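See structure below.
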Amino acid sequence: MEPLERRKFIEAIQNFRLIDDTFFNIFMDGNKSGMELFLRLILDDASIQVNELLTQREVPNIYGRNVRFDMFVTDNTGTEYNIEVQRDPSGAGGERARFNSCMLDSLTISKGFQWGKDHLPPAKVIFLTEHDPYGAGKPLYHAWRTIHELNHLRFDDAAEIIYVNTSWQNDSPLGLLMQDMYCQNPEDMHYRELAERASYLKSNDTGVSAMCEAMEKLVNDGVAKGFQEAEENIVIRMQNKGKTVSDIQDALGWTADRIVAFLQSRNLRPIK
């Protein structure tokens, strides 16, 4: 890493807060105790223990758009979680929640799954939003399916969407956690386990180096993803203009099999 680039990264690191998704993802990477604190306070359940914690988990979808989870978590009860930091309200809408919940289930259903014999684990999609998503002044908003004709009896699909309003801040345990999400200085944090982790990533030489490497990877991955999306758009435009698979091969250097598979994933018929 060039010295100038490293200095820019270090400057950005000092300004990071947990409400910034880049920092939140790196902060939580391998940090089971930190994730347990969040889940225990959000769900008001001190018995939760994190069994598995994966950051930036990408779930492939051969029929359409893939999804990359900020956090994929399983706990000691078998419940699966997708946790997302969303400062932009458009990224936490109902349709996005529905999509993430479906993709969360796709991780579990494997070949040979039998309805009535096998069971899906409980699934919770949790959005940490910068602003109050519904403007009602509540710290949490729980969404689940209900049966209208049965006085909105909860539909037993074991799926739930939770919006956490991080602007709801007071001296309650959850309110203090929300305050910690906006602290640039670890010394201002209320929860020791969060402050220690933040201090390590912002002040310790090893932690700062790990942060810089992770940020460099994110930048490089973003560039690579941008190139891939640009190439995919070219394939679609060439297809729409009547170009053949061979024409696209010559333009991009993709294999014929890759072109055919990509076009079929977009419900397009390759032109031979």
Conditions (1) surrounded by 13 or more Cβ atoms within 10 Å (Cβ to Cβ); (2) modelled with pLDDT of 95 or more; number of the one not met by D171: (1)
Total residues in the stretch 27-54, condition outside any helix (DSSP H, G or I) and closer than 17 Å to A123 by Cα: 9
Selection status of L18, in the same structural domain as R197 (by TED's automatic domain parsing), out of contact with any helix residue (DSSP H, G or I) (no Cβ under 6 Å at 6 or more places or on another chain) and crowded, with 19+ Cβ neighbours inside 10 Å: no
In the stretch 178-231, residue modelled with the highest pLDDT [restricted to those that are in the same structural domain as F262 (by TED's automatic domain parsing), more than 19 Å from I10 (Cβ to Cβ) and not aliphatic (A, V, I, L, M)]: E231
Hits in the stretch 96-113 - residues which are at pLDDT 80 or above and either within 14 Å of Y163 (Cβ to Cβ) or hydroxyl-bearing (S, T, Y) (or both): R96, A97, R98, N100, S101
Selection count, the stretch 148-176, where residues are within 18 Å of L39 (Cβ to Cβ) and in contact with a strand residue (DSSP E or B) (Cβ under 9 Å, 6 or more places away or on another chain): 11
Options H142, H148; residue that is surrounded by fewer than 12 Cβ atoms within 10 Å (Cβ to Cβ) and closer than 20 Å to M71 by Cβ: H142
Criterion: closer than 20 Å to F27 by Cα, without any contact (Cβ under 8 Å) to a residue 40 or more places away in the chain and either buried (at least 18 other Cβ atoms within 10 Å of the Cβ) or touching a Lys or Arg at 6+ places or on another chain (Cβ under 9 Å) (or both) - qualifying residue of M211, M181, M189: M189
Inter-residue pairs, beta-carbon under 8 Å, first within 21 Å of M103 (Cα to Cα) and assigned by TED's automatic domain parsing to the domain that holds E95 and in the stretch 159-171, second of a type in the set (S, T, N, Q) and not in a strand (DSSP E or B), 6+ apart: A159/S101; I161/S101
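The values are calculated or read from the model by the stated rules, or taken from the named source; none is laboratory data. As the structure is a computational prediction, the values presented were derived from the model and not from experiment. Heads up, the Cβs are rebuilt from the backbone with ideal geometry, glycines too, and the neighbour counts pull from every protein chain shown.
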